[in-house]
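As structure tokens, the structure follows; a few thoughts come after it.
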Amino acid sequence: MSSHTVEPSLSPTSESPESPLGEPQLDQAARPPGPRFPLRLAELVDTHALLLLRATVGIVFVGFGMLKLFPSASPAEQVAIDAATKMTLGFVPETPLLLSLAALETAIGIGLIVGRRLLRPALVAFFLHMGGVFSTLFLLPDAMWQPHSPAPTMEGQYVVKNVVLVAVCLVVAANEWSRRTGARRPD
């Protein structure tokens, strides 16, 4: 008995543009039949990705900033007060601290949503604010970490999840600074 292996032949590739992921893009006629909604949604999201990122983080900041205006409405209120009190060495009373945090977070959110001339100052304020937020992991270790464990408490998890917001704003900032300076990303 003899067997032989047939090598599959590849059809010649046409000169089609490549997607950002390095995959060839199909033109309208060559697209497989099927629902077009997912493809159109993907194209829409891709076209407006940076606006979507800015707006969603902005909405989160406006929402959490507004919560700090109402006593006991924010789940992070006490941690924010305790950390800010340590950062200001106790010289600033709690109410002005909380109102300042509310105003700062709301302003960052508005700047991210509106964009234009407000975007750069909002991004700078965002990264400075995140420096303060992450400092709570060291300033309030008893509140941030479970005893005898490297696992964060619920309050610690509330702080650590901000790495996602930092990543989003790094993408937005990189695009903003490269766009304004004329630098282009390689295709």
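Within the assembled protein chains, the solvent-accessible surface assigned to residue 119 is about 10 Å², based on a 1.4 Å probe.
Amide H to amide H, with H built 1.01 Å from N, residue 145 comes under 5 Å of 153, counting only residues 5 or more places away or on other chains. Rounded to the nearest 10 square angstrom, residue 82 shows an accessible area of 60 square angstrom against a 1.4 Å probe. Legend: residues 164, 114, sorted from most to least accessible area (1.4 Å probe; ligands, DNA and RNA excluded), read 164, 114.
Rolling a 1.4 Å probe over the protein chains gives residue 66 an accessible area of about 80 Å². Rounded to the nearest Hz, the phi-derived 3J(HN,Hα) couplings of segment 59-70 under the Karplus curve 6.51 cos²θ - 1.76 cosθ + 1.60 (θ = phi - 60°) are 5, 4, 5, 4, x, 6, x, 5, 4, 6, 6, 10, where x marks glycine and proline. Around residue 159, with a cut-off of 15 angstrom between Cβ atoms, what is the net charge of the other residues, counting Lys and Arg +1 and Asp and Glu -1? With Lys, Arg at +1 and Asp, Glu at -1, the neighbours total -3.
Accessible area per residue for segment 87-187 is 63 Å², calculated with a 1.4 Å probe on protein heavy atoms, without ligands, DNA or RNA.
The values are calculated or read from the model by the stated rules, or taken from the named source; none is laboratory data. If you're wondering where the values come from, they're calculated on a predicted model, not measured in any experiment. Heads up, the Cβs are rebuilt from the backbone with ideal geometry, glycines too, and the neighbour counts pull from every protein chain shown. When the accessible area is computed, the model is the full protein with side chains, heavy atoms only, and any ligands, DNA or RNA have been set aside. Shrake-Rupley method; radii C 1.70, N 1.55, O 1.52, S 1.80 Å.
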